[in-house]
Amino acid sequence: MQVSLLNIRKDFPILARTVRDGKPLVYLDNAATTQKPNYVVDAISNYYKGYNANIHRAVYALAEEATEKYESVRDRIARFLNIQDRRQVIFVRGTTEGINLVAYAWGRPNIAKGDTIVTTEYEHHSNIVPWQLLCKEKGATLKYIPIDDQGRLILDKLDDYIAEGNVKMVTFSLMSNVLGTITDAPAIMSKCKEAGIHTLVDAAQAVPHMRVDVSSLGCDFFTFSGHKMMGPTGVGVLYASHNMLEKMSPFHGGGDMIREVHKQESTWNDLPYKFEAGTPNIADVIGLGAAVDYLEGIGMDNVRMHEMELTSYALNRMRKIPGITIYGPTDIKERGGVISFNFADVHPHDVAHIMDEEGVAIRSGHHCAQVLMEELDVAATSRASFYIYNTTDEIDVLIDALQKVARVFKLE
């Protein structure tokens, strides 16, 4: 399918609604979740209305159609991310489950007392807490790559950790959900490959916004969520190298992930089904496939270019507002469409409340990144995040609302 940037907003009915006494909705919380186009909603609805059946287990027409539609998404994901083998595409509930699966199924057999796992200071809690739990269980240590004053990783510290000789896993976000920092993944991968260290990439913020080539990246594990890329909630993907998947034990046990079950032991199904126990989230996998189709119709290079233009425009205007502190890289090429900021001593929740009065939906809080908040020496920030359906006119509304905050709190 082909999607015109000029006509894209009409594909999202929610963008036409009003809030707060008739204010047009300006939705700028896309790093949390994105809105869904009719194309995705219709794909989910069509499954329930036209061929609702369980998959893989029956030979009647509806089941065969549902199975074909479901499995075709695996192929489309593989093509979208340049994954060489469709069996390496595992459907999960989202990035959080993908990381937990790796921490459990790979981590428990491979991490031992005295080992080190390395992550970064700008990680989402979902890429910290599972590793904390694993380290506590195994007597391992979790260490962090620090950031500089631009919100970029200080990779010399990774060299120091590697030199200690006990790093078994390096896990990092491809793009920060708070700072918008785009991680120098090739540099990290090069260091880890040379040292024989395994890697996991949290791509929840990257896959929806830029072209990603998993084969070129060369990581052992890679995971992302559907709802941040115009797909439904409760569905995502975990990629892993074939060798890793073959060696790992199942994460969940139940139907469809087995080959044979006997009273005291069982054998496992082939990949990828070994890691997809029970009736899967069929409708939402189909919805995820529709989201991939929609993004391919736009073109990921076009998505990235549009967001860079919006972010640059927003940053240039925001910097002129008195009392505002903006976090993250100043070079637009080093950041995604995310702007986190604070207003003097005004609490981010108060900022978000005033923005909401003007119809502008932004996020306020710690953004599931409290380790980063500690490093920034703040309790919380406000965050505006953009996507393909946002416009410069909406940025102007954002700026007007921010200027209202400055007036209310006498920051001018």
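Values as computed for the structure displayed
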quantity: Residues of segment 361-407 satisfying the condition of being assigned to a strand (DSSP E or B) and among the small types (Gly, Ala, Ser); calculated: Ala361, Ser364, Gly365, Ser382, Ala384, Ser385
quantity: Total residues in segment 168-184, condition open to solvent by 60 Å² or more (accessible area, probe 1.4 Å) and either outside the structural domain of Ala206 (by TED's automatic domain parsing) or without any contact (Cβ under 8 Å) to a residue 40 or more places away in the chain (or both); calculated: 1
quantity: Matching residues in segment 374-412 - criterion: being over 19 Å from Gly323 (Cα atoms) and either in contact (Cβ under 8 Å) with a residue 12 or more places away in the chain or among the polar types (S, T, N, Q) (or both); calculated: Glu375, Ser385, Phe386, Tyr387, Ile388, Tyr389, Asn390, Thr391, Thr392, Glu394
quantity: Failed item in (1) of a type outside the set (D, E, K, R); (2) closer than 21 Å to Asn177 by Cβ; (3) open to solvent by 40 Å² or more (accessible area, probe 1.4 Å), with His252 passing the rest; calculated: (2)
quantity: Odd one out for Ala204, checked against (1) at pLDDT 95 or above; (2) of a type in the set (Gly, Ala, Ser); (3) out of contact with any Phe, Trp or Tyr (no Cβ under 8 Å at 6 or more places or on another chain); calculated: (3)
quantity: Near pairs, Cβ below 6 angstrom, 6+ apart or cross-chain, from segment 83-97 (over 13 Å from Gly231 (Cα atoms)) to any residue that is open to solvent by 70 Å² or more (accessible area, probe 1.4 Å); calculated: Arg86/Asp75
quantity: Candidates Gly165, Gly151 - the one that is at pLDDT below 95, in the same structural domain as Tyr239 (by TED's automatic domain parsing) and either small (Gly, Ala, Ser) or not in a strand (DSSP E or B) (or both); calculated: Gly165
quantity: Residue ID - nearest to the chain's Cα centre (by Cα), chosen from residues in segment 356-412 that are farther than 24 Å from Gly22 by Cα and among the small types (Gly, Ala, Ser); calculated: Ala369
quantity: Members of segment 114-132 found to be within 16 Å of the chain's Cα centre (by Cα), open to solvent by 10 Å² or more (accessible area, probe 1.4 Å) and closer than 16 Å to Leu174 by Cβ, listed by number; calculated: His124, Ser126
quantity: All positions within segment 343-360 that are of a type in the set (D, E, K, R), assigned to a loop (DSSP other than H, G, I, E, B) and in contact with a Lys or Arg (Cβ under 8 Å, 6 or more places away or on another chain); calculated: Glu358
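Table: residues versus (1) at pLDDT below 95; (2) more than 30 Å from Pro130 (Cβ to Cβ); (3) touching a Cys at 6+ places or on another chain (Cβ under 7 Å).
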position: Gly359; (1), (2), (3): no, yes, no
position: Ile362; (1), (2), (3): no, no, no
position: His367; (1), (2), (3): no, no, no
position: Val378; (1), (2), (3): no, no, no
position: Val408; (1), (2), (3): yes, yes, no
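The values are calculated or read from the model by the stated rules, or taken from the named source; none is laboratory data. All figures in this text were calculated on a predicted structure; none of them were measured in a lab. Every residue, glycine among them, receives a Cβ derived from its backbone with ideal geometry; neighbour counts consider all protein chains shown. Only protein heavy atoms, including side chains, enter the accessible area calculation; ligands, DNA and RNA are left aside. Shrake-Rupley method; radii C 1.70, N 1.55, O 1.52, S 1.80 Å.
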